Amino acid sequence: MVLLVIAYLAIAWGEWIYLKTNTKKTRTKWVVFGVVAFSFLYNVFVLYTKDLMPTQDALLVRLFGPIQQRLSG
């Protein structure tokens with residue numbers, strides 16, 4: 001989690017330096033930092049809920065298990 005925060009702080013700092021040196025509009029800054037914030041919150045959500053969600057293997061077995069049982073007899 002700490003590495004995630006450090007990585008996003010580095011990304012935000014780099015974006016801020018770029019936007020400040022190229023004198024972009026305020027709306028552009030809001031859009032850029034909104035995307036960075038949304039991406040950060042999405043990554044935090046996935047990090048904390050990955051144990052609550054079923055794995056891809058379990059999901060496929062749940063969906064296609066009955067079909068496989070009927071075909072195999």
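Check segment 25-38 and report whether any residue there is of a type outside the set (Gly, Ala, Ser) and either touching a Cys at 6+ places or on another chain (Cβ under 7 Å) or farther than 27 Å from residue 4 by Cα (or both). Scanning segment 25-38 turns up at least one residue that is of a type outside the set (Gly, Ala, Ser) and either touching a Cys at 6+ places or on another chain (Cβ under 7 Å) or farther than 27 Å from residue 4 by Cα (or both). Residue pairs whose Cβ atoms lie under 7 Å apart, separated by 6 or more positions or on different chains, with the first residue in segment 2-26 and under 15 Å from residue 39 (Cα atoms) and the second surrounded by 12 or more Cβ atoms within 10 Å (Cβ to Cβ) and not β-branched (Val, Ile, Thr), are 4/43; 8/40; 12/33.
Coordinate-derived values only; no laboratory data. Because the structure is predicted, anything quoted here is derived from the model rather than measured. Methodologically, a virtual Cβ is constructed for each residue, glycine included, from the backbone with ideal geometry; neighbour enumeration extends over all protein chains shown.
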